[in-house]
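Peer 1: I'd like to ask you about the structure that follows.
Derivation of every value follows stated rules applied to the coordinates shown; laboratory data play no part. Source: prediction; values computed, not measured. Neighbour counts run over all protein chains shown; Cβ positions are idealised from the backbone, glycine included.
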Amino acid sequence: MADELMDLVQETQCHVRCYIAGIGVPHSDVDDIAQDVYVEFMRHPDRCPTGVAPLAWMKGIARNLCHSYFRARSRRGAAMRRISDTLVRDAERTTGGPLTEDALPALKRCIELLPLQRQQLLRRYYDGDRDASAIAEGMNRPADWVRKMMMRLRLVLRECVERALASEAST
Amino acid sequence: VIRQLAERFLHDRDSLDEADLEALASGLEEDPELAGELRRMLVIDELLGQCLTTGHERLIERVAGRLTAARRPRSTPMVWASLAAAAIVLALVVWRIPRSRVDAPPLRIVSTGDPQVMHADRMATAVDRAIEAGDALVVPPLGALTLRYDDGTTVTLGGGTNVFFSGDQRQQKRLRIVRGSITIEAVPQSTSAPLVVSSAVAEATVLGTRFTLRVQGDDARLDVDTGLVRFAKLDGSEGIEVAGGRFAVATAGQPLASFPRTLLVKFGAMTGEPPSDTVVDTGAHFTAERGYGWSHPNLGEPLPGVVWNGWQRTKDRIPTIPRVPAVDPLFDTALSVGWANHTEHWRMRLPNGGYLATVCVGDALDDQGPHRVVLQGAVVIDGVLTAAGSSHQMRQIPVSVTDGELTMEVGGCSSFPPSSDGSSDTTIQFLRITSVP
């Protein structure tokens, strides 16, 4: 079972995590929901219909779990569910699009193309608590500068990755 | 406004109140393009997290732990009573059996330098803890852990290593490495149930030896110190036996081959029998069978504009003449390659990874240079002149092979004056390549 689980998680975890994050679950809870997806799938593997790819089935489990997750957050849950539903519709419409979850190697290459200071900023943000104010304090900059910079970096990296993937696909 | 809310949703979600979220929800419903853009940014955000943080790779252990916990029977009074009765019977039996016959757990943690080792869903800090089927161990980046089988075989996990024990270690010693490195010092193993270490792409069968298996990205690298290890890819292709002092790397799409950890390429004619782990290159064209050589055959093709001592030079690579009596065979001969305005290209098939390369130029008989050697795109020697005799120049450089080939460019040093006899060819004596795991 361990081998089977390990193969499954290794092959699909990036997809599953991206799917969960892409429909609006905060990064701090993505891991918990991903665990729930695998536990649910491994407990009832027989429920996955013949001919349906495990990943597609797991995305279905993830969608339902995310729905329950937002429902449990009563104050903001209703609006979050609407946002999530819209993002799910987009995910289903653009399955197999250029920015799928196979983008990790291209993203690593794109990060290496950034100036060193920008790479360091990314690492501080993502390897820490993703707290723009704390980073800003250490850099003697306003928090808004860090947020804007992170936004720009995400955009630059997204475009770089999409270009790299499109170029790979055309060759 | 909606775009600004989408940006805040990305980087400061908690600052959005219910009304903001409602407005964003309506905006996204009306503008599917913006919804797509937001989702792509959320995916990039997650991918960045996966690239730049550690911890998410523990997902496997966490899931395995939860599944194991779910399988444990619930404790009820009946179960406790049965367990108590069983314990009394077991105690009586154990009391009557000589101590040596009690089955010892086959694999135990014997030393750990760090308390943060994960053992399935719980922490394993105690030395002497037994490993059970389905357990997983994660060693933190700066940690290390040693385990010992009851036959004396030791398994050392390096920092950042993640390992699964997929079956009952009494039946078969079987480990699966997800990332990091494992060093094994094994006593001779039973051929019917040998120790097998596997990764996602390859497996090593231990027959009594000392070796290290490392997972490097999608590749698996085996370094054998002593003995013999059978190494095979899991794609069904034929495996190889890797002997002590050699290494092999399993890479998708490339056949397995073992290489010495230090390989010497002697350029020019070699006086005497080449020592082991030495290949002699006399300037021949690259062939796949040999796995190294130059980019084109020696055809006697003239090199335009290069006439030296009344001799029209050709594009050929020519071994220099040995000195009599010979000096050290390593420095006695060289290969004359390229001129000031002409470069030659050499390549050798090597497993991906890091290497320390040592290049030596010079000629025992004549003044030579200006030499120029470029390895993997990095200039190692440029504009160096060497005098006749045993004078030579040696340079070392770390290089990285990522596409299964080491490449070298020689010659083409046009910005330095020629040597004393007016020539400008590079005479390369040897290249030593030491693999650095």
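Peer 1: How far apart, in nanometres, would the label points at B:Gln396 and B:Ala284 be if each is projected 7 angstrom from Cα along the Cα-to-Cβ direction?
Peer 2: 3.2
Peer 1: Okay, moving on. When you have a sec, figure out the Kirkwood radius of region B:242-346 from all distinct Cα pair distances and drop it here in Å to one decimal?
Peer 2: Mean inverse Cα-Cα distance, inverted, gives 16.1 Å.
Peer 1: As an exercise, find the ratio Rg/Rh for region A:37-171 from alpha-carbon atoms, using the Kirkwood inverse-distance average for Rh.
Peer 2: My calculation puts Rg/Rh at 1.05.
Peer 1: Separate question: Can you compute the FRET efficiency between B:His345 and B:Asp235 using 1/(1 + (r/R0)^6), with r the Cβ-Cβ distance and R0 = 41 Å? Round to the nearest 0.05.
Peer 2: Rounded to the nearest 0.05, the efficiency is 0.80.
Peer 1: If R0 is 35 Å, what FRET efficiency do you get for A:Asp127 and A:Ser167 from their C-beta distance, rounded to 0.05?
Peer 2: After rounding to 0.05, the efficiency reads 0.75.
Peer 1: Hey, how many Å between the Cα centroid of region B:206-226 and the Cα centroid of region B:378-421?
Peer 2: Value for the Cα centre distance between the two parts: 34 Å.
Peer 1: Would you mind listing how long region B:264-303 runs along its three principal axes, going by Cα atoms, in whole Å with the largest first?
Peer 2: Projected onto the principal axes, the Cα atoms of region B:264-303 cover 35, 23, 11 Å.
Peer 1: Another question, then. Extending each Cα 7 Å along its Cβ direction at B:Gln172 and B:Thr314, get the distance between those two points in nm, one decimal.
Peer 2: If labels sit at B:Gln172 and B:Thr314, their model points lie 5.9 nm apart.
Peer 1: Given R₀ = 51 Å, FRET efficiency for B:Ser190-B:Asp328 by Cβ-Cβ distance, to 0.05?
Peer 2: 0.60
Peer 1: Have a look at A:Gln120, A:Gln13, A:Gln35 and tell me which one the Gaussian network model of chain A (Cα, springs below 10 Å) gives the largest fluctuation.
Peer 2: Evaluated over chain A, the most mobile residue of the options is A:Gln120.
Peer 1: With Rg and the Kirkwood Rh both taken from Cα atoms, where does Rg over Rh land for region B:336-437?
Peer 2: Rounded to two decimals, Rg over Rh is 1.00.
Peer 1: Taking only DSSP H segments of four or more residues, each worth -39500 (n - 2.57), what value at 222 nm results for chain A once the sum is divided by all its residues, to the nearest 500 deg cm²/dmol?
Peer 2: Calculated at 222 nm, the ellipticity per residue is -26500 deg cm²/dmol.
Peer 1: Same structure, new question: Cut-off 10 angstrom, C-alpha nodes, Gaussian network model of chain A. Which of A:Pro26, A:Pro105, A:Pro115 fluctuates the most?
Peer 2: A:Pro115
Peer 1: I need two numbers for region B:321-393: Rg to one decimal and Dmax as a whole number, Cα atoms only, in Å.
Peer 2: 13.6, 41
Peer 1: To continue, here is another question. Averaged over peptide B:27-37, how many Cβ atoms belonging to another chain are found within 10 Å of each residue's Cβ?
Peer 2: 4
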